[in-house]
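Encoded as structure tokens, the structure appears first; notes follow it.
The values are calculated or read from the model by the stated rules, or taken from the named source; none is laboratory data. All of these numbers come straight from a predicted model, not from anything done at the bench. Quick reminder, even Gly has a Cβ in these numbers, built from the backbone with ideal geometry, and neighbours come from all protein chains shown.
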Amino acid sequence: MTELPIDPRLAKMIFISIGLKCLDPIITIAASLASDDPFMIPMSPVERQKAFERKRDLVADNYSDHLTQLRAFQLWDKAGRDPNERKVPQPPTRYDLIN
């Protein structure tokens, strides 16, 4: 674990996820934890209100920041693969995932 280029706690989380057969979502969560916050809050009050409404759509029924980031990534990935899927709640536009 010490030779991996990530925090040892994240490496442990990834190794445990292999045994629990949930590697794909855990790698996405670990990547989001190892990087900066993907959401940006706009300065304009109108845009800020829209951003909070979009974020509320992403949160849905869970109260976990990690699951919210996973859901945002999954929606972003799905929209990139299928243009017809852009009709589902999109990832936020202004406080968007940083490229």
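Listing for the model above:
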quantity	calculated
Search result, residues across the stretch 44-60 that are over 18 Å from R71 (Cβ atoms) and in a helix (DSSP H, G or I)	P45, V46, E47, R48, Q49, K50
Members of the stretch 12-45 found to be more than 13 Å from the chain's Cα centre (by Cα) and at pLDDT 90 or above, listed by number	K12, M13, I14, F15, I16, S17, I18, G19, L20, K21, C22, L23
Failed item in (1) under 13 Å from the mean Cα position of the chain (by Cα); (2) under 23 Å from R9 (Cα atoms); (3) surrounded by 11 or more Cβ atoms within 10 Å (Cβ to Cβ), with L58 passing the rest	(2)
The stretch 10-43 - residue that is in a helix (DSSP H, G or I) and touching a residue at least 40 places away in the same chain (Cβ under 8 Å) and, of those, surrounded by the fewest Cβ atoms within 10 Å (Cβ to Cβ)	P25
